[in-house]
1. So how many residues does region 420-454 have that are acidic (Asp, Glu) and at pLDDT below 90?
2. Anything in region 205-226 that is open to solvent by less than 30 Å² (accessible area, probe 1.4 Å), over 18 Å from CYS110 (Cβ atoms) and part of a helix (DSSP H, G or I)? List them, or say none.
3. If a residue must be within 20 Å of ILE93 (Cα to Cα) and polar (S, T, N, Q), how many such residues does region 233-265 contain?
4. List the pairs whose first member sits in region 382-411 and is farther than 21 Å from ASN517 by Cβ and among the hydroxyl-bearing types (Ser, Thr, Tyr), whose second member is at pLDDT 90 or above and surrounded by fewer than 19 Cβ atoms within 10 Å (Cβ to Cβ), and whose Cβ atoms are under 9 Å apart, counting only residues at least 6 apart or on separate chains?
5. At pLDDT 90 or above and surrounded by 19 or more Cβ atoms within 10 Å (Cβ to Cβ), is that true of GLU594?
6. Condition test on PHE149, is it hydrophobic (A, V, I, L, M, F, W, C), touching a Lys or Arg at 6+ places or on another chain (Cβ under 9 Å), assigned to a helix (DSSP H, G or I) and over 21 Å from PHE326 (Cβ atoms)?
7. Here are some residues: MET1, MET34. Which one is in contact with a Leu (Cβ under 8 Å, 6 or more places away or on another chain), within 22 Å of THR200 (Cα to Cα) and at pLDDT below 90?
Amino acid sequence: MGQFASSDNLHSRNTSLELFTKLQIITLFRWRVMNLLSKSEQALVSQKLNVTVANDAHTVITYSDLAYLLQLQNDKNIDVLSVHSDFATAIKILYGSLKVLGNLPFLQDCLNPDHDDQLTLNGLIIASLVHTGRINKIWQDIDYLKLIFMSLSLSTNSIGHTLNEKSDNGEVEKSARETTPDDPYVAEVLELPNGYQDDTSTNTTAKRIRWSTFKPLKEYDELEVESMEVSASVLVQIFTLLLICNSIPQKAHLEMQKELQTSINNKWGEFKQSAILLVRYLNVEITASNLSTVMVTFDQFKSGIETGFRDFVPLAFAKLFKHGIFSLVVAEALPDALPEEKNDDDDEDHKKTKKTIKFEETRLVNTATLAYVSVFLNTVGVGYTVSPSNLVLLYNGSNSGFSIRSLELKIIKWQAPTLFLVSGKRLRHKTMTTNKRYQLFDSEYPRYFRSTEDPHREWQSDNDKITYLIYVHQPWRNSNKKNFGDENTAIMCVSPRYDFFKSKPDPINQGRLIYFNNLGMGLGFGNDQPVNKNNVRKYLPGSVSLTLEANLEFGVFRHIANSSANTPSYFNRSEQQVVQSQDYEDRFMITDLEVWGVGSTKELDEQRKQWEWEEKQAKARQSVNMRTLGEDRAFLEMVGLVGNHAGGSMG
């Protein structure tokens, strides 16, 4: 199969270098990728697309096909571009990104003006295996974030100067490498064992190639990601779609699909607001009003995701494709529901709890908020997510009144983790200079910034809505003398941008960084106990801390990057590229305060069992009898991997 090249430079004695044409490489790569799918998956994809034309290597996937395969819509005959403009934009962006990934291993082909501008079935399968992580079997050192960023940049024409260069007359010219199907490429190939040297079939050769060392894969086809950018608006639409997908817990497939489509059709705007806050972590200059003009570099993208929400993007994409294209369950033909299991051990307390937990949206919390908060909880290592099925509202200041006594009565008896949310409007200069109650609080709260300093940073606005969430793992208690808590406590900046602050490990303090003071000093997170004796009242805020005064009227979040040795330090600083080295404060007038209890996960477990049972039943029905069913071969013919060429050498 081609000429052998010298292998003097290889360290392994079990491999050799061999020359292939570009067309041969493309065919072999498709074969290798197809071998990563099970036979039932191959048959299922062709069944979903109702493909009848065999040996068609150019089967085109439409926008509606893509939405249907991902179960974002349940009717592939509906034009998804007519659902609403945001969803249409997200599908177009995703479609373009998948189209770029489908060119692997030759990514630069997407820059060729003569290249097919449509997503093919081959390309969709390749891209799907990238997003589900299954391509790692043949490409072990893949940089997933790099590849995804490149696909978004290349598909949305946000290409750096190394790819688009201006000619003398000022016109942009493509500088992508020109190639032909006959161009030679060197690949490292495992030697066949004795007795098998005559096996030169396409399937065998595809498995023998060490794809992880193939130069166009290893070097991302010589594309320079450092020069690429992606518009903030593009990332917001993709993050919105991923947040929606991530918000659906595993349960009966029909319920999942219904909930997914309800969120897409009716709640996109709510999820989009959360997505904007996440994207602001990548670049703090981003605002809701400049999304289309501010660009995100690869360094910002990679650093932001790795420090701020490492698992969100890959896990959400994997869920989207695993539960969509590769799901064995056809929602329209689901089996009967899993029979209910009666548990004699269910006591009256559980029954009461189950009746009590009823989720109702509030001014601070809705389903989009929960998906957003779950990103934070996963990042700080809590170990579970929150959803309407495992939350109960314990306290709402708008209903119960803003007082320490009312708050105490509502939350002290809850013997499980809680989410403490406080929100308000950024304090303006006029309020600070005229409001007597604030001035009293300010006199007791130590100043950090001099009166001549401007405490505002460029990314802070007078119109900001300030919202913070604290995950409190331990039950609440009065703590007028000693702090309580543990090292699981973490602070989330909900708005005006996403950020988080983890508790510092300390073998002596062990995370005791919360006080609930009902003797006139309010609540503190990351502070030492306040002083309140002999007519002396003084707060002792930490370098990273949140302080609420006793009337629950004013709050201050403080972030001091270079604090003195005597300053309490219970939380780590921000890891955001710009913010981590800055001193700043968020001073706000409280308008909303809510505390949510994290309840039992039993209902979530029951829903997950239903999902797993449906998957098991579908897998059993998809067992393929190769003697009587030709679906697998029809699928392989469709993508051009069998049919006109039988086994044997490609050379």
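1. 2
2. Once the filter is applied, which keeps residues that are open to solvent by less than 30 Å² (accessible area, probe 1.4 Å), over 18 Å from CYS110 (Cβ atoms) and part of a helix (DSSP H, G or I), region 205-226 yields THR205, ALA206, TRP211, SER212.
3. 7
4. Once the first residue is farther than 21 Å from ASN517 by Cβ and among the hydroxyl-bearing types (Ser, Thr, Tyr) and sits in region 382-411, its partners that are at pLDDT 90 or above and surrounded by fewer than 19 Cβ atoms within 10 Å (Cβ to Cβ) give TYR384/ASN378; THR385/ASN378; SER398/THR362; SER398/ARG363; SER398/THR591; SER398/ASP592.
5. yes
6. So PHE149 passes the test.
7. From the options MET1, MET34, the qualifying one is MET34.
Here is a yes/no grid of residues against (1) open to solvent by less than 30 Å² (accessible area, probe 1.4 Å); (2) within 25 Å of GLN261 (Cα to Cα):
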site	(1), (2)
TYR63	no, yes
GLN73	yes, yes
ILE93	yes, yes
LEU107	yes, no
CYS110	no, no
HIS115	no, no
THR132	no, yes
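The values are calculated or read from the model by the stated rules, or taken from the named source; none is laboratory data. These numbers were taken from a predicted model, which means no experiment stands behind them. For neighbour counting, all protein chains shown are included, and Cβ atoms are generated from backbone atoms with ideal geometry for every residue, glycine included. With ligands, DNA and RNA removed, areas are computed over all heavy atoms of the protein, side chains included. Shrake-Rupley method; radii C 1.70, N 1.55, O 1.52, S 1.80 Å.
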